[in-house]
Amino acid sequence: MPLPITDPALPFFADHHRELAPAAAAWATVHLAQQPQIEDVDASCRALARQLGAAGWLQWCVPPANEEGKTPPLDARAICLLRETFAWHSSLADFVFAMQGLGAGAISLFGDAAQRARYLLGVASGELLAAFALSEPGAGSDAAALACRATRLADGSWQLDGEKTWVSNGGIADFYIVFARTEEEEEEEEAPERSSAGISAFIVDADSPGLAVAERILTLSPHPLARLEFSACQVPASQLLGSPGEGFRIAMATLDMFRISVAAAALGLARRAAHEALRHVQERRMFGQRLADMQITQAKLADMATAIDAAALLTYRAAWQRDQGGTKMQTTRTAAMAKLFATEEAQRVIDAAVQLFGGRGITQGEVVEALYRDIRALRIYEGASEVQKLVIARETLQAFKDSGNLP
């Protein structure tokens, strides 16, 4: 029986990926199950983090330091294979895996030795939950417009004031990677524009005085999400990530890495929907024949299969290119293409599966109903589809200009 994920025999993969894929699929088949309804999401996330950590899967998104004390580069293809696998079996398991990587990614990429030693081991074991706090009520897709401010105090520490929202793992995380403005800017009278310069990144422990969970946000597909408030929240100088003013670069580098993996998660959800649909249409009889025998059904299945294969090729091309050290322009463009296409097509594939199930497809407790709720957010977070189109167009125009075809 073929794996329910992208074929690791494709030329994008190395030998260790070909070993990783079946091992992850076998583990997930035993330990994970799609759970359309979860009574205690917070407790489930903590339990899943420990489970993923104990099995060693989290070390792929939070790699341990080598003998020289340096953190090895993240393996984009491995992360994508794991997210696709976990999403096929449990969207919440995929969420937990991804947030450990995204929340700790900035430390893996930019943290000093003390910061890595303090946080990464706990994240990799699943004992510490990480979170990435970038968005604000007035700064979502336009991350450079953030208003949360960090003021340097006389003793070298920092004081944070402002708020963050749409923080995944908000309310249950043990620490947050928080981005705040550290330089004053002149305010224009009309339509002021914030610059990405002057933004810095901080590691803020959840129990820091002045940090409060102002609101838990309920969403279509339940997972921990919150709005945070910072009121004279003091952060030691040692908790600054990188250098002052480097925060925007840190945020974008972290998102560029994990944006590709969002496409892989969408791919896993789409593959599960197609699997459920294929099984259903071969069992369901209508008008004296199986649904699978009807040409209109076959046309729908053909569209689903083609969309999934195309999304897989775009996703793993982007991951391969990043692992090969492609230029920032190349990786940014291909990552945006992968996320845009995979998430949009996964939505269509899952919608088609629900339609094939008929009334059962919108019934709570059905796998395809849960998938229908799970997929929707992926078209928004880590860069909405509309933003991905802007990125693709910008990078395409720039590449055309650089080739000498534009004045």
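The values are calculated or read from the model by the stated rules, or taken from the named source; none is laboratory data. Note that the structure is a prediction, hence the values are computed from the model and not measured. Methodologically, a virtual Cβ is constructed for each residue, glycine included, from the backbone with ideal geometry; neighbour enumeration extends over all protein chains shown.
Inside region 244-275, residues that are part of a helix (DSSP H, G or I), surrounded by fewer than 21 Cβ atoms within 10 Å (Cβ to Cβ) and not hydrophobic (A, V, I, L, M, F, W, C) make up a count of 3. Within region 261-270, is even one residue outside the structural domain of I172 (by TED's automatic domain parsing) and under 30 Å from T182 (Cβ atoms)? Yes. Could you go through region 230-242 and let me know if any residue there is aliphatic (A, V, I, L, M), within 22 Å of V96 (Cα to Cα) and not in a helix (DSSP H, G or I). Scanning region 230-242 turns up no residue that is aliphatic (A, V, I, L, M), within 22 Å of V96 (Cα to Cα) and not in a helix (DSSP H, G or I).
Results for (1) part of a helix (DSSP H, G or I); (2) farther than 19 Å from E366 by Cα; (3) free of Cβ contacts under 8 Å to residues at least 60 places away in the same chain; (4) within 32 Å of the chain's Cα centre (by Cα), shown as yes or no for each residue.
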{"site": "L278", "(1), (2), (3), (4)": "yes, no, yes, yes"}
{"site": "I296", "(1), (2), (3), (4)": "yes, yes, yes, no"}
{"site": "L301", "(1), (2), (3), (4)": "yes, yes, yes, yes"}
{"site": "M304", "(1), (2), (3), (4)": "yes, yes, yes, yes"}
{"site": "I308", "(1), (2), (3), (4)": "yes, yes, yes, yes"}
{"site": "A311", "(1), (2), (3), (4)": "yes, yes, yes, yes"}
{"site": "T315", "(1), (2), (3), (4)": "yes, yes, no, yes"}
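If you take the residues in region 281-294 that are in a helix (DSSP H, G or I) and touching a helix residue (DSSP H, G or I) at 6+ places or on another chain (Cβ under 6 Å), which one is farthest from L74 (Cα to Cα)? Residue satisfying both the conditions and the ranking: L291.
Working only within region 370-407, note down all residues that are part of a helix (DSSP H, G or I), over 22 Å from K328 (Cβ atoms) and not aliphatic (A, V, I, L, M).
The answer is Y372, R373, D374, R376, R379.
Results for (1) farther than 22 Å from S243 by Cβ; (2) more than 16 Å from the chain's Cα centre (by Cα); (3) outside any strand (DSSP E or B), shown as yes or no for each residue.
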position	(1), (2), (3)
A117	no, yes, yes
L121	yes, yes, yes
E127	yes, yes, yes
W166	yes, no, no
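Restrict the check to region 287-296 and report whether at least one residue is touching an Asp or Glu at 6+ places or on another chain (Cβ under 8 Å) and at pLDDT 95 or above. No, region 287-296 contains no residue that is touching an Asp or Glu at 6+ places or on another chain (Cβ under 8 Å) and at pLDDT 95 or above. Of all the numbered requirements in (1) modelled with pLDDT of 90 or more; (2) part of a loop (DSSP other than H, G, I, E, B), S141 misses one, and that requirement is (1).
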